[in-house]
1. Please report the orientation-averaged projected area of region 103-198, defined via the convex hull of its C-alpha atoms, in nm².
2. Say each of ALA172 and ASP41 gets a label point 7 Å from the Cα, pointing the same way as Cα to Cβ; how far apart are those two points in nm?
3. Which residues among region 176-201 fall inside the zone where the amide N is under 11 Å from a point 7 Å beyond the Cα of ALA93, along Cα→Cβ?
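Derivation of every value follows stated rules applied to the coordinates shown; laboratory data play no part. Since this is a predicted model, take the numbers as computed values, not measurements. Every residue, glycine among them, receives a Cβ derived from its backbone with ideal geometry; neighbour counts consider all protein chains shown.
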Amino acid sequence: MIILYRGTIGKGRSHISLDNIGIKIKQLRLRQKKTQQQIADACNISKSLLSKIENGQTSSAIATLSKISNALDVPLSWLLEDKLEQDLVLLSASERQSKVGDEHMGYSYELLANRSPYTGVEPTIVHVTPKDMNLRKEMYTHSHDEFIYILKGAIELSYDNKSYYMEQGDTAYFNGMKAHLFIPVDNDGAEVLTLFIESNS
């Protein structure tokens, strides 16, 4: 059973702070530039109830919180996690998840930080598969802006039907909604620091 509470109480039971839940909801809603009325309408609840939830003034059914999490496009588990976002998040190399993805499809990547849902930035290292192993031909598109910095090796950046040779130390910033692809130029592969940045457009 999940027990919701306001403020600090004794140890020994599993509790979730109403204050923390409210702060998370409000911060994420503002980050997404949504009004209380928009979220309330999406959840079929009153604006006044949502305001009380955001201010930690009332407990709420898990079903209601589930609706709010869906409206904000975050997992309910994140909303119920009893900790606030931190200004500093350290992730040691030993804790960082190693390469994710299928190298034969063009790349694998490392997540460099446990990004919160409302920071708007996802830092990664993209490992571009060596030329003879790389089977990727299809271009990528996504809703984020993208900043890249070539850490090691060289690539050909295919972007919006044009090609750009990039080597160690080179940088680029572009709109991810236009078709793009990192193409290996040799069998040494490449490492690219990549920031996926939430676009305001």
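1. Values: hull surface 22.6 nm².
Reported value for the Cα convex hull: 5.6 nm².
2. Reported label-point gap for ALA172 and ASP41 is 4.1 nm.
3. Answer for this model: none.
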